[in-house]
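The values are calculated or read from the model by the stated rules, or taken from the named source; none is laboratory data. This is a predicted model, so every value here is computed, not measured. FYI the Cβ positions are ideal-geometry reconstructions off the backbone, even for glycines, and counts take in every protein chain you see.
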Amino acid sequence: MASTKTPGQGAPAEKGGLGVLLERAERRYRPLIRVDPQLSRNVVSYQANKDAPFYRWFRYQEGFSTKLVDRLIEESGIDTGTVLDPFAGIATTLFSARERGLDAVGFELLPIGPFVARAWLAAEQIQPASFDEAVREINATDFSTSPAEDETAFKHVRISEMAFPPGVERKISAFRHHVENRIGDKGLRDVLHLAGLSILEKVSYTEKCGQFLRWDSQSGKARVVYSKTRIRPFEEALAAQLDVMSEDINAGQARPATERRGSVDLRQGTAFELFSAVPDGSIDLVISSPPYLNRYDYTRVYPLELAYLGVDDAGLKRLRQSLLSCTVENREKVAYLEDLYAGQGRASFFSRVKAVHDGHEIVAAIHDHFEKLKDANRLNNPNVYRLIKNYFFEHAFVIFELARVLKAGGRAYYVNDNVRFAGIVIPVDIILSDIAIAAGLQTESISTLPVGKGNSSQQMGAYGKAEVRKCIYTWRK
Ligand SMILES: C[S@@+](CC[C@H](N)C(=O)[O-])C[C@H]1O[C@@H](n2cnc3c(N)ncnc32)[C@H](O)[C@@H]1O
């Protein structure tokens, strides 16, 4: 069932109060919200891809799976045209789409995804024999003594310092030196550098655990009492990684390429700026998963990988502030977006989107509610108020851009979770769908996982248990 009204833009709530508004919104959307028994955590997360050839080269834990993208493309009925993912991560949407003969465009802020994607593409062109030859040479090199000191040496950012056991950092630098100086072919160099990137976590004192980067106590970082299960020796981790890559490269080349592969075009930068290069009505399908409204800071979970790719402290801060706001550290982007659109000669677009956002009564009521909680010191972190504000404001621009670039009839599938702060379940799905409707999209459905997300022990203790929807929204132009 499709809805064409612009709910949430109506008259102010008769009784007022956030609770009443939220209940009313739930009732409005009830016919569109359906549990999809085929959706599992495994499929909407990276889990289903973690042992797949090529995908297993790098664990991007924020990714979704090929299986999910395949299913959504099938459901869309599209077999030619262009797919867009404005929050592409390691390009799962793009690679799945091209296997089905579709052209794919993506935007990704962090350099990690574009680097991995470039290496995957390069790997398809590499002769397995030359890769294996390079691996033999690497495995025979002692990186504790081979040359290390030059501009390719690994340079930390402040938050990655002390991440490695003694001697490991030197070996990483020597490995990079080896790849840069001994390997002539650029594509092969990219693939080998990816091997180095992929083992950083394994050979370090750090471990990505959900939203946090945990540090083993041996790192000497203050206040840590964590013991990582296993810190792998550099040589062992590298050899194992190269082994897996060799297996996939050899098997990949033996397999006939599918009949018609599309193109992959992953652009690095912020979606806010990259949208402007996409013409109106040029996109057949969008499959994407934005940062969630859950305080997850990508730049704090991937500091080793970002440093490996040459990001310095100033660059890291810039990346953090360019994220679609998802951390309590993000400052607001109102002036930035206003300038950006003015610079593109699209000041009226900015005003229109801002008006829709500012006129949304649930958003306004949430602001009000959380501002009061902040003023009464009742938020764990006062910046949660700012985070929520930023998230919906910035998202309004993304959604209006999606509506602009989609062809008539085109669909957008959007994977996102609802969240709970200070006991209030924020219906991100409903709010973003309201904005989508105001942007000219229909909300066809909100499919949810059979089991939602639990709550943090903190939330449960203070406010009791409430299940929070994990969803895929389907919008159609
Ligand atoms: C949930 S992840 C998507 C992962 C992706 N579906 C995959 O399979 O790899 C969200 C992504 O959005 C990226 N991101 C955050 N803010 C962005 C921005 N302003 N512009 C472009 N990408 C951004 C993050 O770096 C992250 O990779």
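The residues in segment 47-65 that are within 9 Å of the ligand (Cβ to nearest atom), over 18 Å from K202 (Cα atoms) and free of Cβ contacts under 8 Å to residues at least 60 places away in the same chain can be counted, and the count is 3. Remark: pairs (first residue in segment 226-247, at negative phi; second residue outside any helix (DSSP H, G or I) and among the acidic types (D, E); Cβ separation under 9 Å; 6+ apart in sequence or on different chains) = Y226/E207; Y226/D216; S227/D216; K228/E207; K228/D216; T229/E207; I231/D216; E235/D142. Out of curiosity, is F143 more than 10 Å from the ligand (Cβ to nearest atom) and either in a helix (DSSP H, G or I) or over 21 Å from Y292 (Cβ atoms) (or both)? Considered against the rule, which asks whether it is more than 10 Å from the ligand (Cβ to nearest atom) and either in a helix (DSSP H, G or I) or over 21 Å from Y292 (Cβ atoms) (or both), F143 comes out as yes.
Taken over segment 323-376, the criterion of being outside any helix (DSSP H, G or I), within 16 Å of the ligand (Cβ to nearest atom) and among the hydrophobic types (A, V, I, L, M, F, W, C) is satisfied by L323, L324, C326, V328.
The set of residues in segment 210-249 that are modelled with pLDDT of 90 or more and assigned to a strand (DSSP E or B) comprises L213, R214, W215, D216.
Residues checked against (1) closer than 20 Å to D132 by Cα; (2) crowded, with 21+ Cβ neighbours inside 10 Å; (3) not β-branched (V, I, T):
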{"position": "R158", "(1), (2), (3)": "no, no, yes"}
{"position": "A174", "(1), (2), (3)": "yes, yes, yes"}
{"position": "N181", "(1), (2), (3)": "yes, no, yes"}
{"position": "K186", "(1), (2), (3)": "yes, no, yes"}
{"position": "A195", "(1), (2), (3)": "yes, yes, yes"}
{"position": "L200", "(1), (2), (3)": "no, yes, yes"}
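Within the option set F154, F164, being out of contact with any helix residue (DSSP H, G or I) (no Cβ under 6 Å at 6 or more places or on another chain), crowded, with 22+ Cβ neighbours inside 10 Å and assigned to a loop (DSSP other than H, G, I, E, B) holds for one residue only, F164. Here G196 does not fit the description of being at pLDDT 95 or above and outside any helix (DSSP H, G or I). Within segment 49-66, restricting attention to residues that are within 16 Å of the chain's Cα centre (by Cα) and among the hydrophobic types (A, V, I, L, M, F, W, C), the residue that is nearest to A117 (Cα to Cα) is F58. Pairs meeting the criteria (first residue in segment 272-290 and free of Cβ contacts under 8 Å to residues at least 12 places away in the same chain and part of a strand (DSSP E or B), second residue buried (at least 20 other Cβ atoms within 10 Å of the Cβ) and not β-branched (V, I, T), beta carbons under 8 Å, at least 6 apart or on different chains) are lacking.
Is at least one residue of segment 130-142 without any contact (Cβ under 8 Å) to a residue 40 or more places away in the chain and either touching a His at 6+ places or on another chain (Cβ under 9 Å) or in the same structural domain as F275 (by TED's automatic domain parsing) (or both)? Explain how you work it out, then say what you get.
Step one: of segment 130-142, the residues without any contact (Cβ under 8 Å) to a residue 40 or more places away in the chain are 133, 136, 140-142.
If we keep only those that are either touching a His at 6+ places or on another chain (Cβ under 9 Å) or in the same structural domain as F275 (by TED's automatic domain parsing) (or both) too, we end up with 141.
Yes, segment 130-142 contains at least one residue that is without any contact (Cβ under 8 Å) to a residue 40 or more places away in the chain and either touching a His at 6+ places or on another chain (Cβ under 9 Å) or in the same structural domain as F275 (by TED's automatic domain parsing) (or both).
The residues listed here are L309, L238, L274; of these, the one that is of a type in the set (A, V, I, L, M) and buried (at least 21 other Cβ atoms within 10 Å of the Cβ) is L238. Look at segment 88-117: where a residue is of a type in the set (F, W, Y) and a partner is part of a strand (DSSP E or B) and more than 8 Å from the ligand (Cβ to nearest atom), sitting 6+ places away or on another chain with Cβ atoms under 6 Å, you get F107/R267. Kindly provide the set of residues from segment 389-430 that are under 28 Å from K372 (Cβ atoms) and of a type in the set (G, A, S), ordered by number. Listed by number, the residues that qualify are A396, A422, G423. Restricting attention to segment 295-322, which residues are within 13 Å of the ligand (Cβ to nearest atom), among the acidic types (D, E) and part of a loop (DSSP other than H, G, I, E, B)? The answer is D297, and nothing else.
Selection of helices (runs of 4 or more DSSP H) fully inside segment 11-102 by the criterion of at least 1 residues being in contact with a Lys or Arg (Cβ under 8 Å, 6 or more places away or on another chain) and modelled with pLDDT of 95 or more returns 66-76, 92-99.
So, in segment 277-291, of the ones that are buried (at least 18 other Cβ atoms within 10 Å of the Cβ) and not β-branched (V, I, T), which residue ends up farthest from the ligand (Cβ to nearest atom)? Top of the filtered list is D284. Selection of segment 81-124 for residues being more than 19 Å from Q253 (Cα to Cα), more than 9 Å from the ligand (Cβ to nearest atom) and among the acidic types (D, E) yields only D103.
So, in segment 251-282, exactly how many residues are at pLDDT 95 or above and over 13 Å from A97 (Cα atoms)? Qualifying residue count, segment 251-282: 16.
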